[in-house]
Structures are given as C-alpha cells and as structure tokens.
Amino acid sequence: MPPPPSQNSKIKEPIFVKSVIPKSRQQLLKWNGWGYTDSQFVVKVDEHKNIQVYFTGKRYPIGEVTLPHLAQWAIDKLDLDLTQPPKRSQPPPTESQYPESKIPESILLKLKNFSISYSIDIVDRVVRAHGQTLHDIYTLRNSVFERIPDVVVWPTGHDEVVKLVTLCNDNNIVLIPYGGGTAVSGAVECPTSEQRPIISLDTSQMNKILWLDRDNLVACCESGIVGQDLERELGRMGFTTGHEPDSYEFSSLGGWVATRASGMKKNTYGNIEDLVVHVKMVTANGVLEKGCQVPRLSCGPDFNHVILGSEGSLGVVTEVVIKIRPLPQCRKYGSVVFPNFETGVKYMREVAKRRLQPASIRLMDNDQFKFGMILKPEESYFGIILDGIKKFYITKIKGFDVDQMCVMTLLFEGDETDVKLSEKKLYELAKQFGAIPAGETNGERGYMLTFVIAYIRDLGLQYDVVAESFETSVPWDRAVTLVKNVKQVVAQECQRLGITHYIINSRVTQTYDAGCVIYFYLGFNHRDLGDPVDLHNRLETKARDEILASGGSISHHHGVGKLRRKWYPKTVSNVGLSLYLSIKRELDPKNIFATNNLVQSKL
Amino acid sequence: MDVSRKYENFLEFRRQEKSNFLWISRTLRPKVANVQEAPCSPSLHKDEVLQSPKIQELLDKLSSVQNVPKGHLEKQVKEILDEIGYNKSLKVIRWLGLVLTKICLRVSSGIYINVNKVQQVRSKMGNCPVIFVPSHRSYADFILMSYMCFTYEIVIPAIAAGMDFHGMWGMGTMLRDTGAFFMRRSYNDDSVYWTVFKQYIYQLVTRGDLPIEFFIEGTRSRSNKSLAPKFGLISMILKPYFFAQVPDILFVPISISYDRVLEENLFAYELLGVPKPKETTSGFFKSLKILKERFGSIFFHIGEPISSKEFFGDSIDRSIHATASLHKQDLTDQEKSVIPPLAFEILHRQQQGFVITIFNLVALVLNNTYTNKKKLPTILELKQQLLWLRSIIESLGAYIHCDDLEKEIRECLVVHRNIIHFNSNNEVSLVETQIHQGKVNIQKLKAHQLSDQTMTYSVPFVALQIYVNPTLFYLFDLAVLFTVIQKEGALNKEDLWVRYHFLRSLYAMEFVFPPQKEHITYESALENAIAVNALILAGDTYIVGRNVELQEILHSSFKPFLLSYSTVFLVLQHLPLACEQKTILANVQRILEDAINNKESFVHPYTLNLDTLSNCINSLCAMSVLKKARRENAVSFEINKTELDDVKTRLDLYIPTLCINEDLLVNLQLQNKL
Ligand SMILES: Cc1cc2nc3c(=O)[nH]c(=O)nc-3n(C[C@H](O)[C@H](O)[C@H](O)COP(=O)(O)OP(=O)(O)OC[C@H]3O[C@@H](n4cnc5c(N)ncnc54)[C@H](O)[C@@H]3O)c2cc1C
C-alpha cells in the first residue's frame, strides 16, 4: 500500500476529473441497451449448427471465452430459439420519429448567454429520456417514447445550476435532473402528458472533486461524478468511499443521493445516507443546505432526508461532502455452500445478530447458484454443476441436493488480521449450520457476475425473452416466506397469462440488524403472447403486492419513481403523503421539477 | 346433467389384479401438497409448536401469574401435543390398505371417482397448502379418503378427527399412525389447550407438506343432507394465509356419496332421539358383521379447487399485518367476515358434486306414494315413474348414476333389502320390523320417549327419508316457490321474492346454501320452475303450472319440514318466556307422535326427527326469535313472543292442516304452571 501522495491535509485545488464516459455518452455506451458498446453477449451459429455463446470485450474477466453451457440452459429454461435470426433493434432515433423540440428560441439564447452547453440533437435527447427499465430498453429497440426532453443542458457547476433553475422557474419550464441514467424505477422518464417544454439537466460535466480533507476524511464532490471515476481518483490518493452499487461504473453521486442508493459494501462503509455529511440542493426557492459540516446534528428534523430520495422532484443536488476511508490493506473473497436456502438465511440472520458481517455477504438461491455454474467457461459437462471431487464430497458425503443447495459469497476488506479473524468466525459459524466453505474463486466469480448479468437482458431481447429485477427489504422472520410467496405468485400469474417458460430467482443481498434485502430476477419468453412490457408489468405488480402482503417494502434502494407510485401512500400513510406534498409545494410551487416521481403530481 | 362428469371405478383395478398385496406394497412416490426445503417429521412439528414464540410467551406469562415453574407447564403442553399430533407409519397404512381392499371387494360393487379432477388437483399440488374438504356422511369417509389418496399416489393427508376415536382402544393409535390428529370437540374453555391446538394447525399449514383434511360440517350428517358449515377450523387454517405466511391455500371440495350409508340404521334411531351409543372398539368389531351386507357403490366427486387468494381477491389486504410481530396478532373483523362465504362456497361445491343414485329416486317415489296414500308400485310401474323423475332431476342439474335402470332397481332391492322389498302383491313397499326398545334410560333421551309402536312405524320411514334427502338439494327451491304460489295465487317476481327469502332464511339450516348466492339461486329456481312446468309465467306474475305429478312430489317432500317447524312454533307459543331445549324438543315430539298415531291423515314420521327440530330452533336464534343461553350444561332459550307470533303467522299460511290433540297443549300450559 503506497502512502498517500500528498501530505497536505487538505487538497484545496479542485481536481478536474476526466470521466471515462464522454459527454456524448452514445460514443462509449449502448444507446439501446446496458453498458459499454464493446461488451455484450453474442450468439454464433456455425455451419454445423453448433450454437456458441460468448461475451465480447476484455473489460470483464468473462470476456472472449465461450460459455458452452449457456445456450442449452437458455433453450431448456426459456425456450430460446437460437436458430432463428436474432431480433435486431431499430436504428438510432431520427428527427422524423419525434416531434420537434418545443424549447423557445429565447431560452436557447439565454443558455448561450450563460455559456451553458446544450443540445437539441435527437439522439442526445432520446438518450436522456430514459433509465434502464425493461420498458425503456424495449421502447428504444422497437418504438418511440411518448415524450422526450426538448433540450439537454450540461452545466459545469453549482452556480450554473442556480441560473438554470431560476431561468426555468421564471419561464415555467420543466427541469429533469439526469445523472447516470441507470434508474430502474422510471424516475428519469419524462411525464407523458407534460405540455411545457422539458429541459434535461445532465450533471455529467459537473464532476470535479472540489476538495479533500484528510483530517476529517471527507471529500467534497460535484454531483455528476460517476462511481468509477470517483473511486479511481480517490484511489490514486489512497482513499475510497466504499460506496459500490452494482451500477457504480455508470451511476452518479447525485443520482445516489436522489435515489437513496445502497452499495454492496455497506456493512463496512454504510449506505449513501450514512456517507453524506453535507449536501447542497438547488430548489426553485433557493439552495437548501446546512450551515455546518459536522458528523451529526440534533436540530429538528434532518432536512438531508428531504433531499435523500427526492428523486429529482424537489431540486438539483449539486455538491456533496462525502465520507472517505483509507484504502483497505487487504481484500479477500470467500464462498460457502448451504444445503438449502432456508438454512442459508438462518445463517445470515445469525451473522447479523452477532454483527459479524464482512464488507459484503450475499446468498444466491438454487437457481442463481446453478446459473452461476452455467456461466462457467469449462467444457467438461461434469464440472459444470460442481468440480468433480467437490461434487462428490458435497452431494455424496454431505448429502446436499443439487436442486436445493445455495451458495453464499463473501467479501472481506480491512487489515489483514481483521480479515483473518472475520474469516475464521464466519467459517466456523458456517460449519455449525452444516455448510461447507467453497473457496475464494467462487466468491470472486459471484461478484464479477453481478456486473455481467446486467448485460444478459440485451441478449434475451433478441430472442423474445424479457427480464427485469426488483428488490425489497423485509424483517428477518418473514424473509423466507416472502421469497416463497413471491415465487408462487409469479408462477400462478405466469400460468394465468399463458407464460410457459420463465425464471424467477432470488438472492439475499444485504443484511441489517432488523432484516435483510431480497433481490429478484424475473424473465420469461413472450413469444405469441402480446406486449411483453405489459405482461411484465402485470407480473411485477402482482409480485409487489405479494411482497407488501408478506411484510416486505416498496423498495430497499431502487426507489419509487413512476413504477411504484401505486404503493407510496400506503407505505408512508396519508399524513406522510400530504407532508411530502407540502414540501413539494413549498420548494417547487410551479412544479418545474415535474418528474412525477413518488406521487402523480396534480400541482 | 353435466355430461362432462366421468367416473372411473378404481375398485375394479383391485378386482382385476393378480395380487392386491403386490399393489399395496408397491413403491410410492406420492405427491405432497406444499414442498418444504426441510420437511418436518411429526415430532418436529410438535417441537416447533412448543418452541414457537406464541407458546413460549404464553408459558412465560402463565408461569409468572400462577407461580409454577415453566418446565412444569412445558410438560403439560407436551402432553397436549401428544394428544393432538398425527403420526405416520407407512407400515400401518399398507396393512390397513390391504384389509380395506379385501373388505371393499366384498361389500362394495364399486368405488368411483372423477379421475381427471384427481389428476388436475395433483398437478396443482406442490407450492402451497392444499386442504381436502370432504363431505361427512359416515365414519368410512376418512378411511376411504386415505384409501383414495393411496390409490392415486397423493400423500395421505393429516386428518382432523374427533376425540371420540381417540378414546377407542387400538383405533386411536391406528388412526393416528395413518395421519389423524385429534381435536377436542365438546365446548371447552381450556385456553392453553386451544392456544396449543391453534398453533398446531398454524404449524401444519405453514411448515407441513401434507394436505390437511377436515370436515367442514363438523360432524357426520345423520340426515344425508349437508349441515351448515362450521367456521372454527377453517379460520385456523386460513390464518397463515391472512398473515401471508403462505402464498395461497387451495381448498378442494370433495363429495362422497354412498349408495348405502354404513350407519343408516343407527342414524335413523339417532334422528328420532335414541342416544347414540358411545363409540367403542367392541362396537366397531360388532359392526364387522357388515361384511355380510352389500353396500352398493361409493362415489367420490372431486370438486373444482378454490384458491383462497382468488376467492378473497382484493377484499383482503394482507399487508396490514406487516407492522407488528405476527404471533401477537389476531384475525381482523374484516378477515373473520370473509370466512363464512368461503365456507359456504366449499359446502355448496360439495352439494353440487354429490352423485344421485337410483335408490334416491326410488325413495322419493315411495315417499310420495305413502304420503298420498297411493297404490304401491310394481317394479314396472316404478320403472315408469323413475324414467320420468330421472329426466326431471337431471334437468335440474343433478348427476344421476345409472347405466341400466332395471338392473339398478333390482340392485336397490338387494342393497337396501332392510328398507324395501316386494310385498305379497309383488309391489315395492317398506319393510316393517317390530321394534322393542327394552328399558330405556330416560336420562339419556334427548327428547321425548317414543313408544315401541311409534318406533316400529317410524323407523322405516325415517330410514327411507335419509335417501330422499339428497334429492331435496334440487327440489327444495321449487318446492318453496310452488307452495307459495299454490297457497297465495299469482304473485309478481318481487312479491314472490319476499316469500321465498322468508322461507329460504327460515330453512337456512335445513337446506344449507350460500347466503351470498341467494339472488342467483332465486333466479335459477324461477327458471327451473318454469322449465319443468311447476310454475307458469303469465305476464309478469307467476301462477301454478301444469306438471301436477311433479307438484305432488314437491308438496309431499316439503310437507314434513313444514309440519315440524310449525309444531315447534306452536309449542313455543305455549311455553313460558324461558325454557330448556329439551322441553321444546320433547313437547314437539309428543304432539307429533300423537298426530302420527292418530292415523286420520298421514303425518310423516320424519317430522319427529330432532335434526330438523334443532335446525328450526337454530334458525329462530339466527332470526332473533330465540335467544340462546347456556346454563349448567343445559341449553335454554328466551323467547321473543311478538317476533314468534309474526314468524308463525307468516309460516302458517303454508301449513297443511294438522290434527292436533288440543289437550296436549293445555297439558303443556298446565305443566309449566306447576
Ligand atoms: C444494473 C444495475 C444495477 C444497479 N445496482 C444498484 C445497486 O446496487 N444499488 C442501488 O442503490 N441502485 C442500483 N441500481 C439503480 C441505480 O443505479 C441507482 O438508483 C442510482 O442511484 C441512480 O443513479 P444515476 O446517477 O444513474 O441516476 P439517474 O438514473 O440519472 O436518476 C435517478 C433519479 O435521480 C434524479 N437525479 C439524478 N441526479 C440528480 C441530481 N444531481 N440532483 C437531483 N436529482 C437527481 C433523477 O432525476 C432521477 O429521478 C442499479 C441499476 C442498474 C441498471
């Protein structure tokens, strides 16, 4: 571990971060799917009709190796017809597909005067008209959005944002903040019935690290900085925020604050609400911020919590003072195999009870466990479920059922001694639950796959399969039944809708004192069944109803957006609802932040 | 008739195969109801109940309140659990299966089932609790249910059984080994017992993988008609659904129809008030003499499963239980209020599923013959009448099992030779046997002591009525409509509805139907009445139709129930404001016995039956004419005389004249004055 390069306790000069992601995002990222354009699953059918699937590019360890088992799995489970030519996406959007920008010339002139960069190019606008929901991607590939922004603007700092908000408020123009566009709640989508001109405020060009304070271990960053840039820059100086949502390559600090994001390593570093020390939000009524930068405050209700989770509906987050930590000395992965899901959950509960959590602890159910195996590049069929000798040990000697067992992945961070101790405690406890440690590589693979799995939907879409994830938080005692109930409801609903091939699997991704987080993947083949987005919404609605019935929440970290508005009043009570609405009225009397998130606005 | 109903005789496979033993000992891969990752053994279930927060907290509380060590209380709970808990011994199941096969092959001509539904239910099993809800007409029900499951490779359910079996030496253990768990029946307020019992059910529903089987009627119906559903056990079963501890619960209504009910003779006595002998094992072995008898066919009809999730739909918001520990919570009033409609719906599907046999129709014809003092039919005349009746009952929706009518009639005469036979004129008539009751323990009588003469005359009629009753499910609505129109003349639909609703409510316990479906039932009854020409629609009023023969049957089958009820009213009018149940029953029977023996006009002995009389009393309670009170082991009532007069006047409109010995009523008043 190198010593931090500068010994000055404060770095006062802002660091102008060169982002991985260019201002014109579509140059690096797919305009109609997830992630980098050079990274995707592709299917090759050779002259002997052999089907091969592999992942392109070298960005991820799984890249450029064939995945011999994936095709057969997809055929069996999801009835993919890989012999058919894939369904290609329509070409990038053109002017003729959308109405002209509604933005008045006068406003554009003002922007010019402010020297704020803007674009009314159709691709720029469409790219910022959406997040990453199934609806978004399906629409990009096959049709058109009902409403897109009329102009995209790129302010470069707080002051420009203040000018923009004033301009919009004075001229009754709608402003929608856009960070990394990774939202999976419909939060960045334009409200379809909005008549006023809409400006999309892209924060990507306000991504400086304004200063860094080694004494107090905080850094002040502009909200547009994306996770990977932030971590790279901090890492150079020997620090990390430790905030690592699965989307951290592309999602932004402002987006995290606005959606109350949660990172994989929250056990060690905390969720975004634990990390934020100070935050500025530009509202139509002025700037909301605290007059001090202190670790904690007893001073009436904490207005940071009005900003956190506001989903762009109250103002623009411009600057955030966020906690940083020295980079850990040691980082280690691990994995444990459980005879079944229930036992795994019991184990996690015990870990949480004793507060033994390492940086990350996750439990995949049997389907996900198998899927992880399917993605192995090994040719040997035997090795696919488990490596030979291990398989013998686990199934024959320990008597695990291949159709029930589950794997837990672990990530340790900290001093070497701490990590060792933590490992020892966790593996010993695991033994008491009849579980078997399954090595570091399995653990590391597990975490790597989380990043890759996001790419797989784009493959499915080419073969009549749609997929989506949803998540929830739930008290410990209801976790297992929640999973079971949701799976059963989805199965019932699929049957009702005539869906014969589907997957519904789950994992526990976070643990708390009082409960845990469950993350579901749902995918199905919709050939000959009608609008897949509509079908999916029906399934997800049923599933969410069942989640709430089973004691789970509307969301742990994805947020409400437009997709989950239906359950917002019930979750916060009617008083809570009117409280939110009064805040909204106070901060944004003209409803220029007309995102329509959380509540369908009637303002 | 629903032609899609197809039955397979699965006893036939046993008859055909070389070795029943091989079949019995075959490898089983039975389908379970709710697959569990870590299935519970019977004893683990009991452990988990004991360790549940609910029970542990109760014991903590009791231990501090009563100042007894918790260990002591735990021991009590364990004992209770041992009394309740089911067991499972595949060996016992196989042996019983073999014995049962041999018995059935001997006494039964076939056991039929609609297999396609069995397969459908099987395919739906696996992901949530499945509850089998069979009708209850005989002790044989649950043994046959298990036999059916064994045959079709469905795992043998955990079966809710009454404590009367528990007491029988040997039987208790044997039933327990085949999956029975025991529920104390009698009203008792041992709160620890009930908390443990409820938790046990909760455990079976949430953590068990077996289907659960229970009788929604609570007890065997002696009358061969459905009893009003009970809500206790079904509420316990539903609790985990309301608490979202399970994704759904599937209720499978099952109707078991018997050509001849095993206990028919016993039931006839019981209906008349002779106390039911306590079940003892020797009594059971005595009943082995049944091996010499013939019992005809048995029919299983598996009804369309009801998903509680679908049934309740949005009327229930299960998320309301999310803000506190589940074990601290109880069902809400809203939840309690949606249970009865479900219970009625299950029962209704049972009713629709019953198979009507030719003997049911024979009974109906004979009953009509006797009531109207007509000439007894020869076999050919009987056949003619049956042909006609069969088409009518089928048109009303019944499924009648009959391949060859003449053969079936002859089979009736064999199977039911204890009830009907050819008399000296070669007519089909009731069998008479002299009855000597010997010394009757007055204490044990539930009502009035009927004379030997009355018993001798009545038992055959009552036994016959047991087989008439299943047909009334199809005839009762028509009988009501016809009776009203016949007595009151033309009525329009609204006015007719008022009468219909009154009689339907008054007879709600006697002819059970889902209250939530009353309007639909009314509509279809009107349609049916017109279709069979019992009524005619003239303009917008209903008048008497032209199907005189059918009207006669409607009349004769409704008449005993009218008489019983009106006699109860009469007696109540003459009783003081508060009286005991037994007084009411005894006096009604006394008056009716007199009327029956005074053979001037035919009074049906079934009017004496206590089942109907209690139904009447219960209906009056539901209508607030009576108010029930429980005093020192005896049930007594307060009578609201003005309400009573009102109801009586409304009913008496339809009552055929009855020769009442006025002296008996005077006596009644005198008796009370004393
Ligand atoms: C593959 C994948 C994995 C994911 N994994 C995680 C995860 O592990 N944990 C997690 O928490 N989330 C996860 N998400 C969800 C998403 O990444 C988070 O919600 C993230 O915080 C969104 O940030 P963003 O910068 O992309 O915001 P955007 O999607 O651009 O915007 C989200 C909302 O915030 C508002 N907003 C954005 N920036 C600002 C700002 N500066 N000021 C005010 N409002 C603003 C927008 O108007 C919008 O309403 C994942 C999403 C995907 C697609």
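The table below lists the values:
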{"item": "B:Phe482 of a type in the set (Phe, Trp, Tyr), surrounded by fewer than 22 Cβ atoms within 10 Å (Cβ to Cβ) and either modelled with pLDDT under 95 or assigned by TED's automatic domain parsing to the domain that holds B:Val647 (or both)", "result": "no"}
{"item": "Some residue of segment A:49-70 being over 22 Å from A:Phe451 (Cβ atoms) and touching a helix residue (DSSP H, G or I) at 6+ places or on another chain (Cβ under 6 Å)", "result": "yes"}
{"item": "Tally, over segment A:528-561, of residues that are surrounded by fewer than 22 Cβ atoms within 10 Å (Cβ to Cβ), among the hydroxyl-bearing types (Ser, Thr, Tyr) and touching a strand residue (DSSP E or B) at 6+ places or on another chain (Cβ under 8 Å)", "result": "1"}
{"item": "Residue under evaluation A:Ala183, criteria (1) under 22 Å from A:Glu231 (Cα atoms); (2) part of a loop (DSSP other than H, G, I, E, B); (3) away from the ligand (no atom under 11 Å from the Cβ), criterion not met", "result": "(3)"}
{"item": "Count of segment A:290-304 residues which are more than 16 Å from the ligand (Cβ to nearest atom), touching a strand residue (DSSP E or B) at 6+ places or on another chain (Cβ under 9 Å) and within 26 Å of A:Lys590 (Cβ to Cβ)", "result": "1"}
{"item": "Sole exception among (1) crowded, with 20+ Cβ neighbours inside 10 Å; (2) under 28 Å from B:Ile617 (Cα atoms) for B:Thr521, by number", "result": "(1)"}
{"item": "Flag if A:Ser200 is surrounded by 24 or more Cβ atoms within 10 Å (Cβ to Cβ), of a type outside the set (Lys, Arg) and under 20 Å from the mean Cα position of the chain (by Cα)", "result": "no"}
{"item": "Any hit, segment B:526-537, residues being free of Cβ contacts under 8 Å to residues at least 24 places away in the same chain and more than 15 Å from B:Leu550 (Cα to Cα)", "result": "yes"}
{"item": "Matching entry among A:Val533, A:Val560, A:Val486, A:Val474 (being within 15 Å of the ligand (Cβ to nearest atom) and either within 30 Å of A:Leu308 (Cβ to Cβ) or not small (Gly, Ala, Ser) (or both))", "result": "A:Val560"}
{"item": "So B:Ala38, is it free of Cβ contacts under 8 Å to residues at least 60 places away in the same chain, within 14 Å of chain A (Cβ to nearest Cβ) and not aromatic (Phe, Trp, Tyr)", "result": "yes"}
{"item": "Single match in B:Lys493, B:Lys487 (criterion: touching a strand residue (DSSP E or B) at 6+ places or on another chain (Cβ under 9 Å) and either more than 27 Å from B:Tyr269 (Cβ to Cβ) or surrounded by 15 or more Cβ atoms within 10 Å (Cβ to Cβ) (or both))", "result": "B:Lys493"}
{"item": "Residue among A:Asp136, A:Asp124 that is within 12 Å of the ligand (Cβ to nearest atom), closer than 30 Å to A:His557 by Cβ and in a helix (DSSP H, G or I)", "result": "A:Asp136"}
{"item": "Scan of segment B:377-401 for residues that are under 30 Å from B:Ser458 (Cβ atoms) and outside any helix (DSSP H, G or I), ordered by number", "result": "B:Pro377, B:Thr378, B:Leu396, B:Ala398, B:Ile400, B:His401"}
{"item": "Hey, A:Gly552 away from the ligand (no atom under 16 Å from the Cβ), within 12 Å of chain B (Cβ to nearest Cβ) and closer than 22 Å to A:Arg260 by Cα or not", "result": "yes"}
{"item": "Filter result for the condition that a residue is away from the ligand (no atom under 12 Å from the Cβ) and modelled with pLDDT of 95 or more, over A:Leu175, A:Leu167", "result": "A:Leu167"}
{"item": "For B:Asp177: the one exception among (1) on the phi > 0 side of the Ramachandran plot; (2) charged (D, E, K, R); (3) in contact with a helix residue (DSSP H, G or I) (Cβ under 6 Å, 6 or more places away or on another chain)", "result": "(1)"}
{"item": "Qualifying residue in segment A:580-593 (condition: acidic (Asp, Glu), over 21 Å from the mean Cα position of the chain (by Cα) and away from the ligand (no atom under 16 Å from the Cβ))", "result": "yes"}
{"item": "Answer from B:Phe215, B:Phe197, B:Phe150 - the residue that is away from chain A (no Cβ under 14 Å), aromatic (Phe, Trp, Tyr) and in a loop (DSSP other than H, G, I, E, B)", "result": "B:Phe215"}
{"item": "Any chance B:Glu304 is within 30 Å of B:Arg260 (Cα to Cα), more than 14 Å from every other protein chain (Cβ to nearest Cβ) and either in contact with a Pro (Cβ under 6 Å, 6 or more places away or on another chain) or modelled with pLDDT of 95 or more (or both)", "result": "yes"}
{"item": "Wholly within segment A:437-513, helices (runs of 4 or more DSSP H) carrying at least 2 residues that are surrounded by 19 or more Cβ atoms within 10 Å (Cβ to Cβ) and within 14 Å of another protein chain (Cβ to nearest Cβ)", "result": "A:479-497"}
{"item": "Check on A:Thr192, within 23 Å of the chain's Cα centre (by Cα) and either away from the ligand (no atom under 11 Å from the Cβ) or polar (S, T, N, Q) (or both)", "result": "no"}
{"item": "Answer residue from segment A:331-382, given it is acidic (Asp, Glu) and in a helix (DSSP H, G or I) and is farthest from B:Pro39 (Cα to Cα) among those", "result": "A:Glu350"}
{"item": "Residues being more than 11 Å from the ligand (Cβ to nearest atom), in a loop (DSSP other than H, G, I, E, B), touching a residue at least 60 places away in the same chain (Cβ under 8 Å) and over 19 Å from A:Ile21 (Cβ atoms) - total across segment A:239-289", "result": "3"}
{"item": "Boolean, A:Gly235 is more than 11 Å from the ligand (Cβ to nearest atom), assigned to a helix (DSSP H, G or I) and over 14 Å from A:Glu319 (Cα atoms)", "result": "yes"}
{"item": "Matching residues, segment A:305-328, being part of a helix (DSSP H, G or I) and within 9 Å of the ligand (Cβ to nearest atom)", "result": "A:Ile307"}
{"item": "A:Arg564 surrounded by 19 or more Cβ atoms within 10 Å (Cβ to Cβ), in contact (Cβ under 8 Å) with a residue 24 or more places away in the chain and either within 11 Å of chain B (Cβ to nearest Cβ) or farther than 30 Å from A:Lys353 by Cα (or both)", "result": "yes"}
{"item": "Verdict on B:Lys46 being part of a helix (DSSP H, G or I) and within 34 Å of the chain's Cα centre (by Cα)", "result": "yes"}
{"item": "Residue in segment A:202-212 that is without any contact (Cβ under 8 Å) to a residue 60 or more places away in the chain and more than 11 Å from the ligand (Cβ to nearest atom) present", "result": "no"}
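Listed here are the residues, each with its yes/no results for (1) among the polar types (S, T, N, Q); (2) modelled with pLDDT under 95; (3) assigned to a helix (DSSP H, G or I).
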{"residue": "B:Ser566", "(1), (2), (3)": "yes, yes, yes"}
{"residue": "B:Pro576", "(1), (2), (3)": "no, yes, no"}
{"residue": "B:Glu593", "(1), (2), (3)": "no, yes, yes"}
{"residue": "B:Ser601", "(1), (2), (3)": "yes, yes, no"}
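The values are calculated or read from the model by the stated rules, or taken from the named source; none is laboratory data. Given the structure is predicted, the values throughout are model-derived calculations rather than measurements. In this analysis, Cβ positions are derived from the backbone assuming ideal geometry, glycine residues included, and neighbour counts consider all displayed protein chains.
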